[in-house]
Amino acid sequence: MWKLPWQRKKDEGSQLFKLDAKAKRIEGVEPLKASRLAALVLERTKNILEACPRRLAGSVESRQAAAMLAEAFSPWCDKVEVEELRASEKDSLLLFHILPIAAPIMLILCWVGLPLLALAIAIVLTLGICRTVLLCHSILKGRGHHGQKMANVWASIEPEGEVEHTIVFTAHHDSARMLNLERGDATGLYLSLHAPIVHFIMLTVASLSLFVTEIFTGGLLSFNAPPLSMLVILVLLTLTSPLYWKLFHLQGGKASPGAGDNLVSCAMLTELAHYFSWLKSEGKGMGSTRLVFASFDGEECGLKGSEAWYSKHAGELADAKVVNIDCPIRICDLTILTRDVNGFQPLSRSLAGELASTAQSMGWKARLGAMSFMMGSSDAASAARHGLEATTLMGIASTGPLSDVIHSDEDDYEILDRKSIEAFLAICIKFAEEKGRAQKGQENVKVSALEDSQRKFILTR
């Protein structure tokens, strides 16, 4: 039935964060709404993208993005700092360049009867792969004058009373190197990455077999021809060794624009600071909870910035809960991590559950999940390694139309969704308010559409 304009219900999504009629208003300051905050997030993301379109860790563009974020935090926060560190952006590529050189050397050692040396090389490479790929620990420390100059930026809003608790919102402003492959080229990825790894595993097994054989034949550490039983295997491994050429050139491409991964999250941090600063000026700030907003460099090359920041500041964070935001592209794909770093690093399941409950109470479905094997890591892992409760909010499907947008040229401004940004902002604000108000012992400030709503999203997984 057609209704007159004043009879129509207002769109609930456009009323997010609008304070009720009893809320005090500062003269000349309009109450903030999620739709307005989301618009500001998009505007800031676009401005930084135009100034710093591709931001490799440690690059001039990445440091410029950090400076722009610091400037954005300044009007709203009590403290803003930009901290520089030295780290190697290229050490994450090191094994991709070492393996194509080491594997032929291992083959030659097997051919001339020195499998023990080949096995020693395989063990060293395996440990390096586990350290960098599975655990995201760097081979090179990049201290002193080594490595690139990276920049973290962080800001804080102090509570009204003594600090007893801390809520930390984090993101990263560097963007990832792209693979030297066409988008969706599954065959090329197999030949460039998976096939060389399988080849290396087979070569390691062959080295071990030859080593055991030579122990029993007494030919250890002496030049000799391989036994006939291993000849066919060594011939096949030799003929397929050119696979490593593709691996050598797989990494090292240009940086992606990194709008969804993860510049938009950094812009969200500035508007979260905006909102909580305004709320504090209304006399409704946190009683004993400090809010910290941190954007890190070097996430895409092994969590360099977050590791350095938590090493310095973890001891200063009283009763901290860390909420990392990464790839908030689609709210219908909301996943809250309980395990990070390829599924090996435990995160806080209780914190993840609290955030999931917050999201579901507002009508957005969330699932708890783990970072898949060989899918990388997030900055929440650095917090967890320093003994803090931490988790990551993600909004991207592991399968589906957006699964291959991240780390590609298409990860640009056009993929960002305003309604999804509103939802992520709403979840973060409601979570912080519930934690802060509960600790303060005050009644929650009513913020419309932070209450339960009928909005439902079905995960497409």
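The residues in segment 32-58 that are among the hydroxyl-bearing types (S, T, Y) and modelled with pLDDT of 95 or more can be counted, and the count is 1. A residue that is open to solvent by 10 Å² or more (accessible area, probe 1.4 Å), under 25 Å from I325 (Cα atoms), touching a residue at least 60 places away in the same chain (Cβ under 8 Å) and acidic (D, E) cannot be found anywhere in segment 267-275.
Being more than 23 Å from the chain's Cα centre (by Cα), assigned to a helix (DSSP H, G or I), acidic (D, E) and farther than 30 Å from S156 by Cβ, is that true of even one residue in segment 205-218? So that I can check it myself, show each step before the final result.
At the first step, the residues of segment 205-218 found to be more than 23 Å from the chain's Cα centre (by Cα) are 205-218.
Now drop any that are not assigned to a helix (DSSP H, G or I), which leaves 205-217.
Checking which are acidic (D, E) leaves us with 214.
Imposing the further condition that a residue be farther than 30 Å from S156 by Cβ reduces the set to 214.
Yes, segment 205-218 contains at least one residue that is more than 23 Å from the chain's Cα centre (by Cα), assigned to a helix (DSSP H, G or I), acidic (D, E) and farther than 30 Å from S156 by Cβ.
When R131 is tested against (1) among the charged types (D, E, K, R); (2) more than 30 Å from M286 (Cα to Cα); (3) in contact (Cβ under 8 Å) with a residue 40 or more places away in the chain, just one condition goes unmet, and that condition is (3).
Of all residues in segment 73-117, those that are touching a His at 6+ places or on another chain (Cβ under 9 Å), outside any helix (DSSP H, G or I) and surrounded by 23 or more Cβ atoms within 10 Å (Cβ to Cβ) total 2.
Of the set (1) under 30 Å from S241 (Cα atoms); (2) in contact (Cβ under 8 Å) with a residue 24 or more places away in the chain; (3) open to solvent by 10 Å² or more (accessible area, probe 1.4 Å); (4) under 24 Å from the mean Cα position of the chain (by Cα), all apply to H194 but (2). Residues of segment 224-273 that are under 20 Å from P53 (Cβ atoms) and in a loop (DSSP other than H, G, I, E, B): G252, G253, K254, S256, P257, G258. Residue count for segment 346-378 satisfying the condition of being touching a Leu at 6+ places or on another chain (Cβ under 8 Å), touching a residue at least 60 places away in the same chain (Cβ under 8 Å) and outside any loop (DSSP other than H, G, I, E, B): 3.
Counting only residues that are farther than 22 Å from D261 by Cα and within 18 Å of the chain's Cα centre (by Cα), segment 350-375 holds 1 of them.
Determine whether A206 is without any contact (Cβ under 8 Å) to a residue 60 or more places away in the chain, of a type in the set (A, V, I, L, M) and open to solvent by less than 40 Å² (accessible area, probe 1.4 Å).
Numbers: without any contact (Cβ under 8 Å) to a residue 60 or more places away in the chain: no; of a type in the set (A, V, I, L, M): yes; open to solvent by less than 40 Å² (accessible area, probe 1.4 Å): yes.
So A206 fails the test.
Examine segment 221-243 for a residue that is closer than 26 Å to A66 by Cβ and more than 15 Å from the chain's Cα centre (by Cα), and state whether such a residue exists.
no
In this structure, is T126 of a type in the set (S, T, N, Q) and open to solvent by 30 Å² or more (accessible area, probe 1.4 Å)? Yes. Residue count for segment 288-323 satisfying the condition of being open to solvent by less than 10 Å² (accessible area, probe 1.4 Å), among the polar types (S, T, N, Q) and in contact with a His (Cβ under 7 Å, 6 or more places away or on another chain): 2.
From D333, D326, which residue is charged (D, E, K, R), in contact (Cβ under 8 Å) with a residue 24 or more places away in the chain, buried (at least 24 other Cβ atoms within 10 Å of the Cβ) and more than 21 Å from G387 (Cα to Cα)? Spell out how you get there, then give the answer.
Numbers: D326 fails: more than 21 Å from G387 (Cα to Cα).
Answer to the selection: D333.
For M202, the conditions (1) in a helix (DSSP H, G or I); (2) within 29 Å of D326 (Cβ to Cβ); (3) over 22 Å from the mean Cα position of the chain (by Cα) are fulfilled apart from (2).
The set of residues from segment 41-72 being of a type in the set (G, A, S) and either under 18 Å from the mean Cα position of the chain (by Cα) or assigned to a loop (DSSP other than H, G, I, E, B) (or both) comprises A57, G58, S59, S62, A65, A66. When we screen G218, G188, G147, G161 for residues that are closer than 30 Å to S377 by Cβ and surrounded by fewer than 22 Cβ atoms within 10 Å (Cβ to Cβ), the only hit is G188.
Report whether or not V341 is crowded, with 24+ Cβ neighbours inside 10 Å and in contact with a strand residue (DSSP E or B) (Cβ under 8 Å, 6 or more places away or on another chain). Answer is no for this residue. If the condition is being in a loop (DSSP other than H, G, I, E, B) and either among the acidic types (D, E) or surrounded by 21 or more Cβ atoms within 10 Å (Cβ to Cβ) (or both), then segment 407-431 contributes D409, E410, D411, D412, L416, D417.
The values are calculated or read from the model by the stated rules, or taken from the named source; none is laboratory data. Keep in mind that this is a model prediction, so the values were computed, not measured. Neighbour counts are summed over all protein chains in view; Cβ atoms, including those assigned to glycine, are modelled from backbone coordinates with ideal geometry. What goes into the accessible areas is simple: the full protein's heavy atoms, side chains included, and nothing from ligands, DNA or RNA. Shrake-Rupley method; radii C 1.70, N 1.55, O 1.52, S 1.80 Å.
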